[in-house]
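Asker: Here you go, one structure.
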Amino acid sequence: MFLDDECATTRLKARNLFSSFSIAMTALAALTAMLFSLVTVARAETAAPPDRSGQQLASLIRPNDVNSGSLLFPSKEPGYYVEAPRLKTDVEIDVTGPVSRVKVTQRFQNPSKGWVEGTYVFPLPESAAVDTLRIQIGDRFIEGQIKPREEARQIYEDAKAQGKKTALLEQQRPNIFTNQVANIGPGETIVVQIEYQQAVHQSSGEFSLRFPTVVAPRYNPQPIVQSVEFNNGTGFAVPQDPVPNRQKIEAPVLDPRANAKINPVALTVHLKAGFPLGEVKSAFHEINIAENGPQDRTISLKGEAAPADRDFELTWKAAPGKTPSAGLFRETKDGKTYLLAFVTPPTAPDAAAKQPKREVVFVIDNSGSMSGPSIEQARTSLALAISKLQPEDRFNVIRFDDTMTDYFGNLVTATPDNREKAIAYVRGLTADGGTEMLPALSDALRNQGPVADGALRQVVFLTDGAIGNEQQLFQEISQNRADARVFTVGIGSAPNTYFMTKAAEVGRGTYTAIGSQDQVAERMGELFNKLENPAMTDIAATFADAKAENITPNPMPDLYAGEPVVLTAQLADAQPVGKLQIVGKTGDQPWRVEMDIANAADGKGISQLWARRKIDDIEARAYEIQDRAVLDKQVEAVALAHHLVSRVTSLVAVDVTPSRPDDQPLGSAKLPLNLPAGWDFGKVFGEGESPVIAPNGQHKASVDPVSPDDVDSDEAGGTSAPDLRARVELASQIAAAPTPATAGMIARQATSNVNLPQTATPAERNIMIGLLLIALASISAGLMQLRRRFFGRS
């Protein structure tokens, strides 16, 4: 009886306990459901604002909600964005003998229902003489006019405000340009054409041209105060920005880890060499070659297009025994004659035997932009160069990122032991950090001790040149190289060729480009040949019985093995007579050649090439001119006379008929760029400020917001066509910019929305995980209570 009463009591307690536990779990489930509903509702309320009919607008997205890449405009709804214009480029290159004419056609497509302005930062060869800009409106072409830079900018801004279609082409560096196109209508495509003239490059019997397709991200050092100027009587220093127009050369960059390639380029070359052709090849792209005759080829990219993420390089050689050693071409324009001449000096018989002792300072860039294939190419190249040193040579190795290491501390003898130590050190280098080039360059030029008697000091600089403070570095070389020669080796898929070629020119050395591991042995072999053989010096050009007003370049640079003398000249007469005389010295041996002007062949675009080189000569002597305004006027006079874009002149095209209604606002943004092929996104931008947003928002945008969004495969050179109607529907509410003040507010709002760093896990998921943990904890507590009630003391 007693036992039955105890069992009944226990069963009653258990029922009460389970009843209480059931109520608690029900309440917990209800709380969980309520919180989940609140999260879902909150997410739904922020997913996309309703339109006037109350329906969701899929066109408006948040940076957090998408997972691949495109550029976004700020929309009318705070915190939401729509897709920016896209770009496709067609390039047509006509090569005639030693010159090429290039036509670049850019198609700006506006996928939105609003009126937009697009800005595209793009590269051209550093020697390009840009003389043509036109925009296509339907079947009409509007020709651009050359104007002083500020005047061209004002014409563009006025036309933009008046709703007229307009384009502005500006030079930010000799190899970086910006193209702004305003008042692109909803769903509209605007076609912009740019044309330029360029000389074909020659070296060691090989002819080549290079077309860059992407501006690599630049490392731009912050302004510093280097000295205090007391001449103005104030006693205050003015910070000198080492990177002029830094905001003009920065552009959004897509993270290749999560985005398809964009900005496809189609390219065709019509090659008329002027001599029987041998091998024709491209090192970085697959090409189709059609033979039209012994001297004529048509080259095109395989496939419809290639993404704009690396330079296109085409090289060709003459058939065996047919390599030209000299050439003379002329063009008559406005009553004057312009000449283009080249001649390759013969190698002196005893040049190879007279090799002086060398003192070589190797400087290698191991910053973040050199990660991937670039650092492999640089390490292999430098190790090969060190192994070629002779026992009587001396050398040192300096490496830099945002720090610097002088490995030996000074020049050391190139003993086998020292060479092995240096090669092992170089092979252990990894790429990371910023690109503080100036301290390493200064150390190489200033801190390696005096040059030994009878020795030749050489500085070999291996880098991709991804910096924005070029002028600061040119000044360092010019002022401190003394008797040293500076040789630059450009590494990677998109090197800064302007910096590389100009640094070598100022340093009286030469430039070598290495774009792939396959080129290391061949290109470094050519460089060794130049390093080991004396330069041709004291080169000068004169005209006998002809009045020459200007010969460029001035002064003539030194030459190395396999390099030709290339010059342009302006003659006062339309029908000049006489001879061009070129003299020089290889060691102690004089050299001289004469070319009869009457035998010059007709050529086109030579006047533009002369003007481009003349501008370069003026800019190179900037340190000699105290008044900057005088320098600018000299450049402006040449550029305006020859219709060329320069640092102080721009091309502007305006359609006289307004197209944007007065009541329609205008949005604007920069177009995004690809990261150059082979670059490591994380190494370049790290976790700090960068012009990008990486997957899950791990990086921040500092210029224009690049937000993840899917990229159509056709825009990466693929085969599927975009659904234009769908794209128009997906970009329907672009933000207005009716006044400069409002535009500034929108830009600041967009930047603040995007710049906020995000966590890698969405907050909603964290909430649900927390609730699940609470539920598990409650169940565990309930089970523990049961255990105590059943098995503990009553």
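The values are calculated or read from the model by the stated rules, or taken from the named source; none is laboratory data. Note that the structure is a prediction, hence the values are computed from the model and not measured. Cβ coordinates were reconstructed from backbone atoms using ideal geometry, including for glycine residues, and neighbour counts include every protein chain displayed. Heavy atoms of the whole protein, side chains included, go into the accessibility calculation; ligands, DNA and RNA do not. Shrake-Rupley method; radii C 1.70, N 1.55, O 1.52, S 1.80 Å.
Asker: Residues that are under 16 Å from Gln202 (Cβ atoms) and charged (D, E, K, R): does region 563-578 have at least one? Walk me through how you get there before you give the answer.
Answerer: Looking only at region 563-578, we keep the residues that are under 16 Å from Gln202 (Cβ atoms), and these are 563-568.
After this cut, where a residue has to be charged (D, E, K, R) as well, the list is 563.
Yes, region 563-578 contains a residue that is under 16 Å from Gln202 (Cβ atoms) and charged (D, E, K, R).
Residue by residue, here is whether (1) touching a residue at least 24 places away in the same chain (Cβ under 8 Å); (2) in a strand (DSSP E or B); (3) touching a helix residue (DSSP H, G or I) at 6+ places or on another chain (Cβ under 8 Å) holds:
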position: Val104; (1), (2), (3): yes, yes, no
position: Gly118; (1), (2), (3): yes, yes, no
position: Glu126; (1), (2), (3): yes, no, yes
position: Arg134; (1), (2), (3): yes, yes, no
position: Ile142; (1), (2), (3): yes, yes, no
position: Glu157; (1), (2), (3): no, no, no
position: Gln171; (1), (2), (3): yes, yes, no
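Asker: Determine which member of the set Leu209, Leu254 is modelled with pLDDT under 85 and open to solvent by less than 20 Å² (accessible area, probe 1.4 Å).
Answerer: On the way: Leu209 fails: modelled with pLDDT under 85.
Step by step, each of Leu209, Leu254 is checked, and only Leu254 is modelled with pLDDT under 85 and open to solvent by less than 20 Å² (accessible area, probe 1.4 Å).
Asker: Of the residues Gln475, Gln479, which single one is without any contact (Cβ under 8 Å) to a residue 12 or more places away in the chain and farther than 23 Å from Leu384 by Cβ?
Answerer: Gln479
Asker: Could I ask something else about it? Could you tell me whether region 613-634 includes any residue that is touching a Phe, Trp or Tyr at 6+ places or on another chain (Cβ under 7 Å) and part of a loop (DSSP other than H, G, I, E, B)?
Answerer: Checked against the condition, which is being touching a Phe, Trp or Tyr at 6+ places or on another chain (Cβ under 7 Å) and part of a loop (DSSP other than H, G, I, E, B), region 613-634 yields no hits at all.
Residues are listed down the side, and each one gets a yes or a no for (1) of a type in the set (Lys, Arg); (2) open to solvent by less than 50 Å² (accessible area, probe 1.4 Å); (3) touching a Lys or Arg at 6+ places or on another chain (Cβ under 6 Å):
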| site | (1), (2), (3) |
| --- | --- |
| Ser371 | no, yes, yes |
| Glu376 | no, no, no |
| Thr380 | no, no, no |
| Phe395 | no, yes, no |
| Asp402 | no, no, no |
| Tyr407 | no, no, no |
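Asker: For residues in region 445-468 being more than 27 Å from Val215 (Cβ to Cβ) and of a type in the set (A, V, I, L, M, F, W, C), which is modelled with the highest pLDDT?
Answerer: Leu445
Asker: Just a yes or no: is a residue in region 344-351 in contact (Cβ under 8 Å) with a residue 24 or more places away in the chain and not in a loop (DSSP other than H, G, I, E, B)?
Answerer: no
Asker: Still on this structure, I have one more. Tally up the residues in region 617-635 that are open to solvent by less than 70 Å² (accessible area, probe 1.4 Å) and of a type outside the set (Val, Ile, Thr), please.
Answerer: Going residue by residue through region 617-635, those that are open to solvent by less than 70 Å² (accessible area, probe 1.4 Å) are 617-620, 622, 625, 629-632, 635.
If we keep only those that are of a type outside the set (Val, Ile, Thr) too, we end up with 617, 619-620, 622, 629, 631-632.
The qualifying residues number 7.
Asker: Let me ask something additional. Can you name the condition, by its number, that Pro416 falls short on among (1) farther than 20 Å from Leu445 by Cα; (2) under 24 Å from the mean Cα position of the chain (by Cα)?
Answerer: (2)
Asker: Also: For region 299-324, enumerate the residues that are touching a residue at least 40 places away in the same chain (Cβ under 8 Å) and hydroxyl-bearing (Ser, Thr, Tyr).
Answerer: Thr315, Thr323
Asker: For Arg508, state whether it is touching a Gly at 6+ places or on another chain (Cβ under 7 Å), free of Cβ contacts under 8 Å to residues at least 60 places away in the same chain, of a type in the set (D, E, K, R) and over 15 Å from Met437 (Cα atoms).
Answerer: Judged against the criteria, Arg508 is not a match.
Asker: Please enumerate the residues belonging to region 76-102 that are assigned to a strand (DSSP E or B), modelled with pLDDT under 75 and open to solvent by 10 Å² or more (accessible area, probe 1.4 Å).
Answerer: If the condition is that a residue be assigned to a strand (DSSP E or B), modelled with pLDDT under 75 and open to solvent by 10 Å² or more (accessible area, probe 1.4 Å), then Glu83, Arg86 are the ones that fit.
Asker: Could you check region 426-460 and list, in sequence order, the residues that are under 14 Å from Met404 (Cα atoms) and surrounded by 20 or more Cβ atoms within 10 Å (Cβ to Cβ)?
Answerer: Val426, Ala431, Thr435, Met437, Ala440, Leu441, Ala444
Asker: What is the residue count in region 589-604 for residues that are assigned to a strand (DSSP E or B) and open to solvent by less than 30 Å² (accessible area, probe 1.4 Å)? Before the answer, list the steps.
Answerer: From region 589-604, those assigned to a strand (DSSP E or B) are 589-596, 601-602; that's our starting set.
Cutting the leftovers down to open to solvent by less than 30 Å² (accessible area, probe 1.4 Å) gives us 595.
Result for region 589-604: 1.
Asker: Could you check region 402-453 and list, in sequence order, the residues that are over 21 Å from Asn496 (Cα atoms), aliphatic (A, V, I, L, M) and assigned to a helix (DSSP H, G or I)?
Answerer: Hits for region 402-453 are Ala422, Ile423, Ala424, Val426, Leu445.
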